[in-house]
Amino acid sequence: MINQLNNIEHPNFWDMQYESKKTGWDLNSPNPVFNYLINELPFINPSKLIILGSGKGFDAVLANEKGYDVTAVDFSSTANSYCRELNQKFKTQINIIEKDFFELDGSLNGTFDIVYEYVTYCAISLSKRNQFLKLVNKLLKPEGRFITVLFPIDNREDGPPFSVDYNQFLLETNHLFNLEYLDKNIPSVKPRKGKEILLVFRKPLIIKE
Ligand SMILES: C[S@@+](CC[C@H](N)C(=O)[O-])C[C@H]1O[C@@H](n2cnc3c(N)ncnc32)[C@H](O)[C@@H]1O
């Protein structure tokens, strides 16, 4: 049996990271790029949003305060406890789902206008990346948007976070989405400057298999 605490596919691994504060990814505040996205990009409007791997929930709170109907999914109970606290503190109404996002109820398929991820795609096993992109596609309504701040686009060897080759990412998303917007000039936190890209994709109206 794989030790659960070394297995990034098991929630205990992530609980342990949160509990021992080995959370190098955690900004302890909303992602400034997400803030820029929802406040300054004219084509993004409050609508039904799901965040995959929502962590402590800062981006979920920000979006809900801006009028988005937010569902936050994470399988770490420690992260979700924090998210619940934030939800109470800021009097927001986030729908928190504590579940492996690969096992989400099929009734959610096709019900979201936006799927957003930040430092989740780079935190899952490389062998699950394709499954993740298919999941995003399934969750979206036709013409819904997939928003990612793709990180880290350096060529680091180890992970998580596992490096993302963004040309490869464009190839892998090609048959599922149309690229709508690409922005490298984004207000990343200092250590991530030049290491991330904001991408917005749209699910086609009709997909012929
Ligand atoms: C690196 S953290 C990023 C959290 C958050 N997006 C942020 O910016 O702080 C990755 C998160 O994804 C969650 N996660 C990883 N795999 C998951 C899965 N299969 N289902 C649900 N959550 C998952 C982890 O529990 C963790 O909270």
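Any read-out appearing in this document is the output of simple, stated calculations on the displayed coordinates, not a laboratory observation. These numbers were taken from a predicted model, which means no experiment stands behind them. Reconstructed Cβ throughout: ideal geometry from the backbone, glycine too, with neighbour counts over all protein chains shown.
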Taking Lys and Arg as +1 and Asp and Glu as -1, residues besides Gly144 with C-beta under 10 Å from its C-beta add up to +3
What are the ³J(HN,Hα) couplings of segment 180-192, residue after residue, when phi is run through the Karplus curve with 6.51, -1.76, 1.60 and θ = phi - 60°? Round to Hz, x for glycine and proline. 9, 7, 9, 9, 9, 8, 10, x, 5, 5, 3, x, 9
Reachable lysines from Lys66, criterion Cα separation under 26 angstrom, eight or more residues apart if same chain: Lys48, Lys56, Lys89, Lys91, Lys99, Lys138, Lys141, Lys184, Lys190, Lys193, Lys203
Any aspartates and glutamates with Cα under 14 Å of the Lys128 Cα? List them, leaving off those in the same chain fewer than 8 positions away. Glu9, Asp100, Glu103, Glu172
Positive end of the dipole of segment 88-178, charges at C-beta (+1 Lys, Arg; -1 Asp, Glu), about the Cα centre: which of Phe146, Ile94, Gln131 has its Cα farthest in that direction? Ile94
Rg ratio (alpha-carbon, reference 2.2 N^0.38 Å) - the chain: 0.96
What are the ³J(HN,Hα) couplings of segment 148-162, residue after residue, when phi is run through the Karplus curve with 6.51, -1.76, 1.60 and θ = phi - 60°? Round to Hz, x for glycine and proline. 9, 9, 6, 8, x, 8, 8, 9, 4, 8, 10, x, x, x, 7
Just need the relative contact order of segment 96-207 here, percent rounded to a whole number, with Cα pairs under 8 Å and 6+ apart. 28
Once a ≥ b ≥ c are taken as the square roots of the eigenvalues of the Cα gyration tensor of segment 114-201, is the result rounded (a/c under 1.5), prolate (a/b larger than b/c) or oblate (a/b not larger than b/c)? oblate
Helix-only CD estimate at 222 nm, as mean residue ellipticity for the chain, using -39500 (n - 2.57) per DSSP H run (n ≥ 4): -8000 deg cm²/dmol
Which one, Lys56, Lys89, Lys195, has the greatest fluctuation when you compute a Gaussian network model over the chain with C-alpha springs under 10 angstrom? Lys89
Arrange the following residues from fewest to most other Cβ atoms within 10 Å of their Cβ: Val149, Val164. Val164, Val149
Count the DSSP beta bridges whose two residues both fall in the chain, then state the antiparallel fraction as a percent rounded to the nearest 5. 40
